[in-house]
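What follows draws every value from the coordinates through simple rules; no lab data is involved. Remember, predicted model here, so these are calculated numbers, not experimental data. All Cβ positions, glycine included, derive from the backbone under ideal geometry; neighbour counts span all protein chains shown.
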Amino acid sequence: MSIWRTFSAIYGKLFKCVSVRFIVRILQLDVDYVEFELVEPEIDIHDEPSEKRVRVEDALLLLTSIERGDSIEVVRKAIGDVARFASQIKRRRVVIYPYAHLSSDLEEPSKAREILLSMRKEAEAAGLETYTAPFGWNKKLSVSTKAHPLAEQSRSYRSDNQVSTQPKKWRQVELTEEQLLAKIRKSDFSGLPDTDHRVIGERLDLFSFQEVSPGMVYWHNNGLIIRNILLELIRGELRKYGYLEISTPALANTALWRVSGHWDYYKDNMFLTSMGDEEYGLKPMNCPSTFLVYKSKRWSYRDLPLKIADFDPLFRNELSGVTSGLFRVKMFTQDDAHIFAAEDQLKQVFGELIQLMKYLYGVFGLSYKVKVSTMPDDHLGSVEQWEKATRILMDVLEENGLKFEVKEKEGAFYGPKIDVDVMDSMGREWQCATMQLDFQMPQRFRLTYMGEDGKEHTPVVVHRVIYGSLERFIGILIEHFKGNFPVWIAPVQVRVINVSEAAKTYAQQVHARLLQEGFRAEVDVSNRTLEYKVREAELSKIPYVLVVGKKEQEANTVSIRVRHGERVNGVPLEEYIRRLRDEVDRKLLTPP
């Protein structure tokens with residue numbers, strides 16, 4: 001038991017917080033549209049709706065769980081925050097949607113229904129056009145979330161009328177061995193469809209989720225191979241464009257986000273702690289830290305455009321019921337970069353970004369849709385400046401042969417932007433790339449460069465990601481390829497199988513030769529049947545299986561089984577290696 005006592009002494013305080021009663025948990029989404037269709041009543045206490053199908057456009061969707069509690073003041077606090085945010089982003093419609101999945105301590109139905117009704121009344125009193133999804137029904141839900149960084153926010157409101165994002169005070173607790181074992185277990189993905197990336201990821205040993213780190217990914221060797229391939233791919237491209245790469249601390253004083261202006265929007269989703277009398281937070285985005293690096297030296301117009309990449313992990317304190325496999329996590333990494341440029345360089349900058357995006361999405365066989373978001377009513381800078389910047393974005397897209405949709409008044413308050421939705425093999429759309437013009441934060445941080453005229457000027461900053469979150473992008477790829485990764489991405493590219501004991505040594509020699517050439521290869525020389533070993537390789541979705549026996553050994557050849565199909569016998573080993581090298585180097589999506 002000593003090991004468990006030690007574990008409890010070190011980690012026990014992480015597992016139990018001083019009891020705080022929550023009453024309202026909200027996942028707030030800024031949506032292009034939300035549409036729901038009633039299927040059937042789920043419980044006896046349910047609303048009698050006038051319509052079975054409802055669609056609301058350009059609204060704030062409030063996915064809401066009501067927990068056991070007794071304070072109506074929490075509702076006023078929650079709706080007050082919603083109203084302020086709605087005003088900032090110019091939304092007048094809200095949809096209150098009962099969503100039990102955000103909590104495991106739900107209020108009893110009649111009380112929850114009453115609180116949801118009071119939320120509607122508070123929202124209407126705040127001047128919001130309010131819709132409420134019927135309570136107590138199973139519903140089909142379809143949502144298109146807007147692409148801006150603040151489009152998704154999760155919040156919890158306590159019964160003491162405080163938002164539950166302040167640093168928590170933990171107390172030491174002793175846990176039994178059984179309680180510790182209950183904490184140290186993987187997430188259960190049973191019941192999910194076979195096409196779900198969580199199911200595929202578990203079968204291919206790519207990653208897992210553990211109770212002790214909720215909403216955070218444990219990358220296994222196979223999954224980390226894919227992650228590193230994505231990073232190596234984009235790093236190789238960034239070198240061609242002259243990017244610098246930095247890394248900055250995960251923890252910083254909250255003053256940093258107060259200066260940047262993020263504090264008012266992101267504090268509710270930050271992991272906060274204190275050192276002495278000062279408050280610190282794990283960084284939810286990279287840009288403020290990148291600005292500090294920029295300010296650490298003087299720059300000239302000759303240095304621009306200055307391109308700085310950052311692949312540091314980021315942290316956002318999402319509600320546990322909001323996380324969804326790799327698609328939404330609490331710790332994630334972006335292929336983040338910030339480009340510091342003069343205004344007359346913006347066309348060049350965005351042209352390079354479009355080329356980078358086209359190349360990377362083309363490598364994976366992903367099609368995409370492009371949107372340009374224009375000046376909102378509440379904006380900084382002159383109308384002339386906005387018109388010039390927006391025209392630059394549209395011209396660049398047209399010059400690169402890209403059709404685009406114009407999203408009127410959907411730009412950030414600091415500038416217009418390009419957003420890109422990729423489409424997977426099942427026809428679903430995923431917002432990944434974003435390229436945002438920022439005129440505001442360079443001024444807030446007093447960023448300057450020395451111009452050709454000998455005077456100080458303020459640069460324009462372009463915030464951009466192409467993959468977006470690596471975790472989400474890998475989840476998209478897993479479902480896009482259904483786990484059947486092209487050979488250049490596949491964690492295991494080749495498995496060598498011997499037909500008989502006599503061919504065991506030759507199988508090991510072939511395996512060693514493949515490793516020597518840098519391929520990700522395995523060998524199975526177990527005494528199981530050939531059919532069993534081939535079937536296991538197929539279930540592992542390995543692109544190539546090389547079968548060797550006495551005949552192959554004598555001729556120094558291999559018999560090839562291509563995943564899901566073709567068989568080719570008697571191929572000289574060195575010829576196969578040349579073919580495989582060509583397929584990997586050309587990043588082919590299917591065998592030639």
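Arrange Asp344, Asp303, Asp47 by Cβ neighbour counts within 10 Å, fewest through most, would you?
Values: Asp344 10, Asp303 13, Asp47 17.
The fewest-first ordering by Cβ neighbours comes to Asp344, Asp303, Asp47.
I'd like the distance separating the alpha-carbon centroids of the range 514-589 and the range 370-388, in whole Å.
56 Å
Assuming R0 = 56 Å, what is the FRET efficiency of Asp453 and Leu589, from their Cβ-Cβ distance, to the nearest 0.05? It would help to have the intermediate numbers written out before the result.
Numbers: r = 51 Å, r/R0 = 0.91.
Approximately 0.65, to the nearest 0.05.
Report relative contact order for the range 476-592 in percent, whole number only (criteria: Cα-Cα under 8 Å, sequence separation at least 6).
Numbers: 177 pairs, mean separation 34.0, N = 117.
Here the relative contact order equals 29 percent.
Checking the table Lys295/Lys330; Lys297/Lys455; Lys369/Lys407; Lys139/Lys371; Lys347/Lys388 against a 19 Å threshold on Cα-Cα, which pairs fail?
Table pairs above 19 Å Cα-Cα are Lys295/Lys330; Lys139/Lys371.
Taking one equal scatterer on every alpha-carbon of the chain, how large is log10 of I(q)/I(0) by Debye at q = 0.05, 0.07, 0.10 1/Å?
Scattering profile of the chain, log10 relative to I(0): -0.27, -0.53, -1.02.
Could you give the size of the charge dipole of the chain about its Cα centre, using +1 on the Cβ of each K and R and -1 on the Cβ of each D and E, expressed in debye and rounded to the nearest 20?
Taking the Cα centre of the chain as origin, the dipole is about 1080 debye.
Rounded to the nearest 20 debye, what is the charge dipole size of the range 494-585 about its Cα centre when +1 sits on each Lys and Arg Cβ and -1 on each Asp and Glu Cβ?
Numbers: 16 positive and 15 negative charges, 41 e Å.
So the magnitude is around 200 debye.
Of the options Asn228, Ala123, Pro49, report the single residue whose Cα projects farthest towards the positive end of the charge dipole of the chain (beta-carbon charges: Lys, Arg +1; Asp, Glu -1).
The one lying farthest along the dipole's positive direction is Asn228.
Identify, among Phe311, Leu447, Pro193, the residue whose Cα sits farthest towards the positive end of the charge dipole of the chain, taking +1 on the Cβ of Lys and Arg and -1 on the Cβ of Asp and Glu, with the dipole about the Cα centre.
The residue sitting farthest along the positive end of the dipole is Phe311.
Which whole-number percent is the relative contact order of the range 388-524 (Cα, under 8 Å, 6+ apart)?
On the way: 154 pairs, mean separation 21.0, N = 137.
After rounding, I find 15 percent.
What size of dipole, in debye to the nearest 20, comes out for the range 22-158 about its Cα centre when the only charges are +1 on Lys and Arg C-beta atoms and -1 on Asp and Glu C-beta atoms? If you can, show how the numbers build up before the last one.
Values: 21 positive and 24 negative charges, 109 e Å.
With only Lys, Arg, Asp and Glu charged at Cβ, the dipole is about 520 debye.
Need the C-alpha centroid separation for the range 405-434 versus the range 46-101, integer Å.
What the calculation gives is 25 Å, centre to centre.
Give me the net charge of His480's neighbourhood, meaning all other residues with Cβ under 11 Å from the Cβ of His480; Lys, Arg count +1, Asp, Glu -1. Display every interim value, and only then the final one.
Details: positive: Arg428, Lys482; negative: Asp424, Glu479.
My count for the surroundings of His480 gives 0.
Students often forget the sequence filter, so: which aspartates and glutamates lie under 15 Å Cα-Cα from Lys52 once same-chain residues fewer than 8 apart are removed?
Glu35, Glu37, Glu40, Glu42
Fewest to most neighbouring Cβ within 10 Å: what's the order for Lys307, Lys295, Lys283, Lys347? Could the numbers behind the result be given before it?
Working: Lys307 21, Lys295 13, Lys283 24, Lys347 16.
Lowest count first: Lys295, Lys347, Lys307, Lys283.
What are the lysines whose alpha-carbon lies under 21 Å from the alpha-carbon of Lys504, with same-chain residues fewer than 8 places away excluded?
Lys533, Lys550, Lys551
Just flag the GluC sites (Glu not before Pro) in the range 389-477 sitting in loop per DSSP whose Cβ has no more than 13 other Cβ atoms within 10 Å.
Details: sites: Glu398, Glu399, Glu405, Glu408, Glu410, Glu429, Glu452, Glu456, Glu471; in loops: Glu408, Glu410, Glu452.
Loop-located and lightly packed - Glu408, Glu452.
Sequence neighbours fewer than 8 away in the same chain don't count; with that in mind, list the lysines whose C-alpha is under 17 Å from Lys240.
Filter leaves Lys307, Lys358.
Work through the residues other than Val562 whose Cβ is under 14 Å from its Cβ and net out their charges, Lys, Arg +1 and Asp, Glu -1. Provide the component values of the computation, followed by the final result.
Details: positive: Arg495, Lys541, Arg561, Arg563, Arg567, Arg579; negative: Glu538, Glu566, Glu583.
Within the 14 Å Cβ shell, the charges total +3.
Give me the distance between the Cα centres of the range 263-302 and the range 27-43, rounded to whole Å.
Result: 36 Å between the Cα centres.
Under 5 Å between amide H atoms, partner at least 5 residues away or on a different chain: which partners does Phe404 have, H built in plane at 1.01 Å?
Answer set, sorted by chain and number: none.
Find the relative contact order for the chain and round it to a whole percent, using C-alpha pairs within less than 8 Å whose residues are 6+ positions apart. Can you show the working numbers first?
Working: 1110 pairs, mean separation 64.8, N = 592.
For the chain, the relative contact order is 11 percent.
Counting other Cβ atoms within 10 Å of each Cβ, which trypsin sites (Lys or Arg not before Pro) in the range 407-472 have at most 16 and sit in a DSSP loop? Display every interim value, and only then the final one.
Numbers: sites: Lys407, Lys409, Lys417, Arg428, Arg444, Arg446, Lys455, Arg464, Arg472; in loops: Lys409, Arg428, Arg446, Lys455.
Of the trypsin sites (Lys or Arg not before Pro), the ones in loops of the range 407-472 whose Cβ has at most 16 other Cβ atoms within 10 Å are Lys409, Arg428, Arg446, Lys455.
Among Gln493, Met357, His101, which residue has its Cα positioned farthest towards the positive end of the charge dipole of the chain, with +1 placed on the Cβ of Lys and Arg, -1 on the Cβ of Asp and Glu, and the dipole taken about the Cα centre?
Value computed over the given set: Gln493.
By count of other Cβ within 10 Å, fewest leading, how are His197, His564 ordered? The partial results should precede the final answer.
Values: His197 25, His564 9.
With the fewest neighbours first, His197, His564 line up as His564, His197.
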